[in-house]
Amino acid sequence: MQELKGQRVTNQRRLLLDLIRRVEGHLDADELYRLAKARDPHVSLSTVYRSLRLFKELGLVEERHFIEEHHHYEVKGGIEHHHVVCHGCGKVMEFECPFVERMKKDASNKTGFHILGVEVSMEGYCDRCQERIEGV
């Protein structure tokens, strides 16, 4: 597991990174802890937090801040995507948007910045929550 670049590759770190890579969606530390604990009862919540911080520093995961107070994590890399978040149920969906590429180029041209990335997060209500709101 050469991704850890000089850090000790423990079985617990290997397990945590494997879970993040395999699970669809965005995990928070508590969800990752529950999944890891089911496979290795010796995993502690502090190990999960330390590992997430390390994975983030090494560029293996991205930390996302949605409408909740805690952070979510996903594997870094792949196609640039953005998020919509439901205020009702907390559902998070990903989407791609070619407009964002144009926006990055425009911002770069106007400011001289070399844009490394963009994070778009939109908030609203999913279809199911919207139906509940309208049905009230």
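Here HIS114 fulfils each of the conditions (1) more than 30 Å from CYS129 (Cα to Cα); (2) surrounded by 15 or more Cβ atoms within 10 Å (Cβ to Cβ); (3) not hydroxyl-bearing (Ser, Thr, Tyr); (4) not assigned by TED's automatic domain parsing to the domain that holds LEU15 apart from (2).
Sort out which residues of segment 102-136 are in a helix (DSSP H, G or I) and either at pLDDT below 85 or among the hydroxyl-bearing types (Ser, Thr, Tyr) (or both), and write them in order of number.
SER108, THR111, GLU134, GLY135
Could you look through segment 67-90, keep only residues that are of a type in the set (A, V, I, L, M) and modelled with pLDDT of 80 or more, and pick out the one that is surrounded by the most Cβ atoms within 10 Å (Cβ to Cβ)? My answer is VAL85.
Against the condition outside the structural domain of TYR49 (by TED's automatic domain parsing), among the hydrophobic types (A, V, I, L, M, F, W, C) and over 22 Å from ILE20 (Cβ atoms), how does VAL84 come out, does it pass? No; evaluated as a whole, the condition is false for this residue.
Here PHE113, PHE99 are screened, and the one residue that is within 24 Å of the chain's Cα centre (by Cα) and without any contact (Cβ under 8 Å) to a residue 12 or more places away in the chain is PHE99.
If you check ARG64 against the conditions, is it surrounded by fewer than 14 Cβ atoms within 10 Å (Cβ to Cβ), basic (Lys, Arg) and not assigned by TED's automatic domain parsing to the domain that holds ARG132? No: the conditions fail for ARG64. For segment 20-36, filtered to residues that are within 15 Å of VAL92 (Cα to Cα) and either not charged (D, E, K, R) or not assigned by TED's automatic domain parsing to the domain that holds VAL48 (or both), the residue that is modelled with the lowest pLDDT is GLY25.
The values are calculated or read from the model by the stated rules, or taken from the named source; none is laboratory data. None of these values were measured; they are calculated from a predicted model. Heads up, the Cβs are rebuilt from the backbone with ideal geometry, glycines too, and the neighbour counts pull from every protein chain shown.
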